[in-house]
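The next block holds one structure in the form of structure tokens; read it before the comments.
The values are calculated or read from the model by the stated rules, or taken from the named source; none is laboratory data. Because the structure is a prediction, the values reported are computed rather than measured. All Cβ positions, even for glycine, are placed from backbone atoms using ideal geometry, and neighbour counts span all protein chains on display.
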């Protein structure tokens, strides 16, 4: 059996994609290549590829031109933040340049299956959170929505709400990653928050939440209550920030 060549990168997104770009240019058969994050071990086996941000951006540009659907799949895959899949990503991108957007039909290939299935999970959560986020009005008139998604979807979520909630200032806060998005005066910004203290809600918001919980309980038909189906459609991990589920 032919030995697999092993390459290493610095662990950053730019490092990953510039390494993939370098390998695709230098290796005749990327299927016989393993790519992994450099772990700073004394006797780590593999050739280290230096990071080139320009090369990484050029790879994305080529991908978007060659296969826009596959490029979007890669975008969703990166939101998943799933480690240990560098080789699958390398092999997938190699196949994209060969087959274009038809690559999604090659699900018998392990790399395609891994990347596509992971991307779909991130995409499903992104779609779900567009309907599950609950914005609360604060005392200063701004709105806040907190969340703890499995995937790092704050940027596409913020872009989605930027086009739908343009009139008022708002914040998205990812509790798990301590990152936030702010929309104010027509400007969308992102940043990290080391220590977050939930601001006080406005008096109107407290009234609205009470009315909403009362309404939610009133319209519920006890004879048709199906906890298993409810948890399937709306997993319990999301209940923490749903107004109507508080107190259950």
Give the residue, chosen from 54, 49, 93, 115, that is in the same structural domain as residue 23 (by TED's automatic domain parsing) and touching a strand residue (DSSP E or B) at 6+ places or on another chain (Cβ under 7 Å). 49
Qualifying positions in region 118-152 - buried (at least 20 other Cβ atoms within 10 Å of the Cβ) and assigned to a helix (DSSP H, G or I): 118, 119, 122, 123, 125, 129
Is it the case that region 32-40 has a residue that's touching a strand residue (DSSP E or B) at 6+ places or on another chain (Cβ under 7 Å), in contact (Cβ under 8 Å) with a residue 60 or more places away in the chain and surrounded by 16 or more Cβ atoms within 10 Å (Cβ to Cβ)? no
Quick check on my filter: what residues within region 103-117 are part of a helix (DSSP H, G or I) and under 21 Å from residue 66 (Cβ atoms)? 103, 104, 105, 111, 112, 113, 114, 115, 116
Residues (under 16 Å from residue 135 (Cβ atoms) and outside any strand (DSSP E or B)) located in region 163-195: 163, 164, 165, 166, 167, 168, 169, 175
Can you tell me which of 216, 196 is exposed (fewer than 15 other Cβ atoms within 10 Å of the Cβ) and touching a helix residue (DSSP H, G or I) at 6+ places or on another chain (Cβ under 7 Å)? 216
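Condition check ((1) modelled with pLDDT of 95 or more; (2) over 24 Å from the mean Cα position of the chain (by Cα); (3) closer than 30 Å to residue 119 by Cα; (4) crowded, with 16+ Cβ neighbours inside 10 Å) across all residues:
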{"residue": "154", "(1), (2), (3), (4)": "yes, no, yes, yes"}
{"residue": "161", "(1), (2), (3), (4)": "yes, no, yes, yes"}
{"residue": "172", "(1), (2), (3), (4)": "yes, no, yes, yes"}
{"residue": "188", "(1), (2), (3), (4)": "yes, no, yes, no"}
{"residue": "206", "(1), (2), (3), (4)": "no, yes, no, no"}
{"residue": "220", "(1), (2), (3), (4)": "no, yes, no, no"}
{"residue": "238", "(1), (2), (3), (4)": "no, no, yes, yes"}
Failed item, numbered, when residue 106 is tested on (1) over 27 Å from residue 213 (Cβ atoms); (2) surrounded by 14 or more Cβ atoms within 10 Å (Cβ to Cβ); (3) at pLDDT 95 or above: (3)
If you check every pair at least six apart or on different chains, which have Cβ atoms under 6 Å apart with a residue in region 228-248 that is farther than 19 Å from residue 215 by Cα first and a residue that is at pLDDT 65 or above second? 238/132
Hits in region 64-85 - residues which are farther than 23 Å from residue 157 by Cβ and surrounded by 21 or more Cβ atoms within 10 Å (Cβ to Cβ): 67
